[in-house]
Amino acid sequence: MTELRIGPDKEVTLHFALSLESGEVVDSTFDKQPATFKVGDGNLLPGFEAALFGLKAGDKRTLRVDPENGFGQPNPQNVQVMPRSQFQDMELSTGLLVIFNDAANTELPGVVKAFDDAQVTIDFNHPLAGKTLSFDVEIVDVKALH
């Protein structure tokens, strides 16, 4: 067991569980293979990554991640009202996830917030925007990349 600590130029293997303040688990690897990422590769949000710096293999922590260090605050400009005619062949319901393609054909997920016969309100904010999260981690391994 090395004493390498998490920081730049490290590859980290860990188990994690992400949960809301209510205790609802959003994502977890504790019941499957651990996740591996390279520090700075973009797989982990910077706020999560920074919270892991200094930890080593065998460490277990529960970290609180505020929205500013997680998925940000909801942006009102990410809520769009569209004509109902764009959804003619769809059975709409509040909370329904709809995937749109932008001009570059990138998939943009949005959630139906409200609808009537004339228009549909879609929220393109990340579902975890504005939420304080609990980030349980167990560090399995830390390797140097060089």
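Highest mean packing first, where packing is the average number of other Cβ atoms within 10 Å per residue, the peptides 69-75, 135-141, 32-38 line up as 135-141, 69-75, 32-38.
The alpha-carbon atoms of the range 76-123, seen along their principal axes, cover 30, 26, 17 angstrom, with the largest extent given first.
What the phi angles of the range 33-41 give under the Karplus curve with 6.51, -1.76 and 1.60, with θ = phi - 60°, is a coupling list of 5, x, 8, 10, 8, 9, 4, x, 7 Hz, glycine and proline written as x. Sorted into 5 angstrom bins from 0, the C-alpha pair distances of the chain split as 2, 9, 15, 16, 15, 12, 10, 9, 6, 4, 2, 1, 0 percent.
In this simple spin-label approximation, Gln33 and Ser19 carry label points 7 Å from Cα along the Cα→Cβ vector, and these lie 2.6 nm apart.
Rule-based calculations on the coordinates, nothing more; no lab input. Quick caveat: nothing in here was measured; it's all calculated off a predicted structure. Cβ coordinates were reconstructed from backbone atoms using ideal geometry, including for glycine residues, and neighbour counts include every protein chain displayed.
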